[in-house]
Structure formats: C-alpha cells, structure tokens
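This report concerns only the one structure given below.
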Amino acid sequence: MRSTAAPRGVIGGAVLLAVGAAFLLPPLGVSNAGAYLFVALGLAFGAAWWLGTKQFVYLVPAGVLTGFGLGLVLPTLFDLSAEIAGPVFLGTLALGLIVVFAFAPGRRLLLAIAAILAVVAVADLLLNVVLIPAGAQPYFVPLILIVVGLYLLVERRGR
C-alpha cells in the first residue's frame, strides 16, 4: 500500500536545487544572475508548500522571495529606468503577498502590507508622488520584511 504522507525533506531539497540552479547562471553568462537566487528560493518554498503539507510558513517565503526576486530581475530584463524600477520592485513584492493572501485569505495582515506597498508604488509611478521620504527609503523594504518575518514567528497555527 502506498503512503499518502507528504514527502520528507521537501524544503531542504528544494532550497538546495534552487541555490545550485542560481549558481549555474553566472558561468552561463546570465546578467544580474544573483537576483535569480531570490526567484529560485521563492519557487523552492512554493514547491515545498505545494508538495508538502501546505504549511503557511512555506507559502509566505514563496510569495515574498519570488516577488522580491522578480522585482530585481524585471528591471534588468526589460532595461527599465531607475524611476520605473523602484515602483516595479515594490509592485512585485506586493503581488507576491497578494498571491499568498489568495491561498490563505484568513491572513489579512499580508493583504494590508501588500496594499501599502502597492499604494507607494502606484503613487510614485503614476502620480509622481513620493510617499516615503528619501532618507527613509533604504529602510522601507527591510522593515516590511522584518514585519512579515515577525508575523510568521508569532501567528497562531492552524488558522
């Protein structure tokens, strides 16, 4: 009789595959290859969530790291100017959190954080309004990541 239990070691194996694949890119001449590591890690966490027991603690890094990585990759891939690259980065990070919320709609804090990121991105890109003062900009995304990380550490299980 075949076991229906989730495979063991999914996250470890997926992360190692992601890191190995990302480190193959520079010798192949891929520009901005380091940014692909974030995408690969996000996909690894996504695979661990999908193939495993659907643990929320895998889903969040999947969305955040994939969004973060795409925010680094897309500007280089499409040769976007710095004025557009910043809002695109915030937008892809917001989109990653929205995807997490779509799979876990009971976790509304992530939707609120995505909304903040999206408002800042849209205001900057479309309205040419900078909502985050220049001196605070280097701290904005790290603080967002810290808040999401703390949320994962303190959120209740099984919600």
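Laboratory data are not the source of any read-out in this text; all were calculated from the coordinates shown. Everything numeric in this text was worked out from a predicted model, so none of it was measured. For neighbour counting, all protein chains shown are included, and Cβ atoms are generated from backbone atoms with ideal geometry for every residue, glycine included.
Observations on the model:
- Crossing angle, helix 10-24 versus the chain [Cα axis fit, 0-90 degrees, rounded to tens]: 50 degrees
- Among A40, A118, A102, the residue with the largest mean-square fluctuation in a Gaussian network model of the chain, with springs joining Cα atoms closer than 10 Å, is A102.
- Correct choice for mean projected area of the Cα convex hull in nm² that was computed from the model, options (1) 13.2; (2) 11.3; (3) 14.4: (2)
- Taking 0.36 nm per residue of separation and subtracting the current Cα-Cα distance, fully stretching the chain between A115 and L153 would add 11.5 nm.
- Computed lengthening from E83 to V30, 0.36 nm per intervening residue step minus Cα-Cα distance: 16.7 nm
- Separation in nanometres of the label points that stand 7 Å from Cα toward Cβ, at L143 and N128: 2.7 nm
- Relative contact order, percent, segment 2-159 [alpha-carbon distance under 8 Å, six or more residues apart]: 16 percent
- Neighbour-count ranking [beta-carbon atoms within 10 angstrom, fewest first] of T76, T92, T66: T76, T92, T66
- Debye, to nearest 20: dipole size of the chain, +1 on Lys, Arg Cβ, -1 on Asp, Glu Cβ: 900 debye
- Between 0 and 90°, nearest 10: helix 137-154 axis offset from the chain longest Cα axis: 30 degrees
- Residue exposure sequence - E155, E83 - by fewest surrounding Cβ within 10 Å: E83, E155
- Cβ-based exposure ranking for V39, V88, V60, in which fewest neighbours within 10 Å come first: V88, V39, V60
- From the alpha carbon centroid of segment 61-115 to that of segment 6-43 is 18 Å.
- Secondary-structure-derived ellipticity at 222 nm for the chain, considering helices only, amounts to -24500 deg cm²/dmol, per-run term -39500 (n - 2.57) for DSSP H runs with n ≥ 4.
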